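Taking it in order: structure first as structure tokens, then the write-up.
The values are calculated or read from the model by the stated rules, or taken from the named source; none is laboratory data. Since the model is a prediction, treat every value here as computed from it, not as a measurement. Note that we place each Cβ from the backbone using ideal geometry, even for glycine, and neighbour counts take in every protein chain shown. Just so you know, the surface numbers come from the protein's heavy atoms only, side chains and all, with ligands and any DNA or RNA stripped out. Shrake-Rupley method; radii C 1.70, N 1.55, O 1.52, S 1.80 Å.
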Amino acid sequence: MKILNIVGARPNFMKMAPIIEAMNAYPEQINHLLVHTGQHYDEKMSSSFFVDLGMPRPDINLEVGSGSHAEQTAKIMVEFEKVCLREKPDLVIVVGDVNSTMACTITAKKLGIQVAHVEAGLRSRDMGMPEEINRLCTDVLCDFLFTTDHFADENLLAEGVGQEKIHFVGNVMIDTLLRHREKAKEVGLVDRWGLKPKGFATLTLHRPSNVDDPVVLGGLLEALADISRQLPIIFPIHPRTRKMAEQFGLSHFFSSGDAVSGLWVTEPLGYLEFLHLNMNARLVLTDSGGLQEETTVLGVPCITMRNNTERPITCELGTNFLVGNDPARVLECARKILSGDLPQGRVPDRWDGRAAERIVRVLLDEMAC
Ligand code: UD1
């Protein structure tokens, strides 16, 4: 069976790494190629992850780069169609919810190629999020829907997806976290930067709804700078956010000192470095998706600065607080957590490091039929 594995943007790499590893156990049955669309292309947003995760270099790079949503999606489709026609795969595997995920799904399906979606069924019910549109379009077309929790299964069933297509396998991103946990302990960044274990917070912020509006971004940065006077915050900044903060004249919120002072901005970090920081953080502040799941497994309190989440299990069982982007609510939640009001989380079922193995077993069983 010939499979094309697709990655495009930063959060895809850690999801695909364990799938490739699991496929490598079946060299007789599976011939797989890794296709990188090039949606993310900076060294710090892309290449460094291949090194950290021990992933093979992509066999094919579409090199599409940035653009408007339509431009980026269209470029991926045009280039990926050529790859599908040349390589004639039996199956395409997409992960997550980025533009590359949707673009490659549509392209493959229109050529009559089967597609599997890993991390299917997540729903924020917020059509203002480009990712929600990507999720809906992808799931409605896919032949195999691999899910992380019962909410996802229920969402798909409610949308009329046949039970036979849905496979609850667990969470591949957590496969990667569990594999790299010990190595991440040794990174030594906390010592090198003069931080104290559990004496700092980490922050990620990149959603268009939080960073593309000067009033929203300004309000959030003010609240975050306030929190950082009590607990230093390390902020590996996304290129989009850096660009916007500079454009809106908001860079003065960033500390010009070192890691132990205020809201300290650094370049995007590698996978192991960031995992090392999050393991040692007292608090994580984010608007990302995956980090809500990683903190739940690490048992670190997480404040999610969004009005909704496609990962409600992290609030129900885990350590996640969904507070929206009102600065007052962010501050109030941080104060509660810093005063010792800590959530007692538990790890969701099948987030046990074996999701990728389950996926490959389903594919071997069902594709052979
Ligand atoms: C994408 C995903 C988002 C994910 C995020 C993780 C979509 C719709 N969004 O958002 O779900 O959480 O990745 O990082 O697919 N840029 C660079 N270098 C890069 C990549 C991007 O400078 O390597 C800058 C460019 O100015 C670009 C902007 O970031 O225009 C946005 O990049 P894009 O890929 O469109 O979306 P992200 O915001 O990264």
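For a test of the definition: using alpha carbon positions, the gyration tensor, and the 1.5 limit on a/c, classify the chain as rounded, prolate or oblate. Prolate.
Suppose R0 equals 45 Å; then what is the FRET efficiency for Glu154 and Trp193 from their Cβ-Cβ distance, rounded to the nearest 0.05?
Working: r = 43 Å, r/R0 = 0.95.
Computed FRET efficiency for Glu154 and Trp193 comes out at 0.55.
Among residues other than Asp153 with Cβ under 15 Å from its Cβ, the summed charge is -3 (Lys and Arg +1, Asp and Glu -1). Along the range 17-29 the Karplus relation, 6.51 cos²θ - 1.76 cosθ + 1.60 evaluated at θ = phi - 60°, assigns HN-Hα couplings of 3, x, 5, 4, 4, 5, 5, 4, 6, 10, x, 6, 8 Hz to successive residues, with x for each Gly and Pro.
Estimated from helices alone, the mean residue ellipticity of the chain at 222 nm is -13500 deg cm²/dmol (sum of -39500 (n - 2.57) over DSSP H runs with n ≥ 4, per residue).
Annotation: amide H of Gln114 within the under-5 Å range of Val92, sequence separation 5 or more or interchain, hydrogens built in the peptide plane.
The modelled label-to-label distance for the pair Asp59/Asp213, using points 7 Å beyond Cα in the direction of Cβ, is 4.5 nm. Peptides 12-20, 137-145 ranked from most to least packed, by the mean per-residue count of other Cβ atoms within 10 Å: 12-20, 137-145. Pairs from the list Lys44/Lys196; Lys44/Lys336; Lys185/Lys243 with a Cα-Cα gap above 27 Å: Lys44/Lys336; Lys185/Lys243. From the square roots a ≥ b ≥ c of the eigenvalues of the alpha-carbon gyration tensor of the range 201-243, which class results: rounded (a/c under 1.5), prolate (a/b over b/c), or oblate? Judged from the Cα gyration tensor, the range 201-243 comes out oblate (a/c at least 1.5, b/c at or above a/b). With a sphere of radius 12 Å drawn around the Cβ of Gly65, what net charge do the other residues whose Cβ falls strictly inside it have (Lys, Arg +1; Asp, Glu -1)? It works out to a net charge of -3.
Spatial offset of the range 158-219 relative to the range 117-155 amounts to 18 Å, using the alpha carbon center of each. Inter-label distance, Glu316 to Gln230: 3.1 nm, where each label sits 7 Å from its Cα along the C-beta direction.
List the GluC sites (Glu not before Pro) within the range 33-123 that fall in a DSSP loop (any state other than H, G, I, E or B) and whose Cβ has at most 12 other Cβ atoms within 10 Å. Please list the in-between numbers first.
Working: sites: Glu43, Glu63, Glu71, Glu79, Glu81, Glu87, Glu119; in loops: Glu43, Glu63, Glu119.
In loop regions of the range 33-123 (DSSP not H, G, I, E or B), the sparsely surrounded GluC sites (Glu not before Pro) are Glu43, Glu63.
Here the simple spin-label model places points 7 Å from the Cα toward Cβ, and for Val51 and Leu33 these points are separated by 2.7 nm. Ordering of 244-250, 274-280, 26-32, 102-108 by packing is 102-108, 274-280, 244-250, 26-32, highest average first (other Cβ atoms within 10 Å, averaged per residue). With all protein chains kept in place, the per residue accessible area of the chain amounts to 40 square angstrom at a probe of 1.4 angstrom. For the range 89-95, 3J(HN,Hα) computed residue by residue from phi via the Karplus equation (6.51, -1.76, 1.60; θ = phi - 60°) reads x, 7, 8, 10, 10, 10, 10 Hz, glycine and proline entered as x.
The HN-Hα couplings worked out from phi for the range 115-130 by the Karplus form 6.51 cos²θ - 1.76 cosθ + 1.60 (θ = phi - 60°) are 10, 10, 10, 9, 5, 7, x, 6, 9, 9, 6, 10, 6, x, 8, x Hz, whole numbers, x standing for Gly and Pro. In this view, the solvent-accessible surface of Lys88, computed with a 1.4 Å probe and all protein chains in place, comes to about 140 Å².
Ignoring ligands, DNA and RNA, what percent of the 1.4 Å accessible area of the chain is carbon and sulfur? Could the numbers behind the result be given before it?
Values: 7540 of 14930 Å².
Ligands and nucleic acids excluded, carbon and sulfur reach 50 percent.
Remark: the Arg329-Val140 segment gains 64.4 nm on full extension, using 0.36 nm per residue and subtracting the alpha carbon distance.
From the Cα gyration tensor of the range 108-153, with a ≥ b ≥ c the square roots of its eigenvalues, which class applies: rounded if a/c is under 1.5, or else prolate if a/b is larger than b/c, or else oblate?
oblate
On the basis of the beta-carbon distance and an R0 of 30 Å, Arg346 and Thr266 show a calculated FRET efficiency of 0.40.
Treating only the Cβ of Lys, Arg, Asp and Glu as charged (+1, +1, -1, -1), what charge dipole size does the range 181-338 show about its Cα centre? Round to the nearest 20 debye.
Values: 17 positive and 18 negative charges, 62 e Å.
Roughly 300 debye for the range 181-338.
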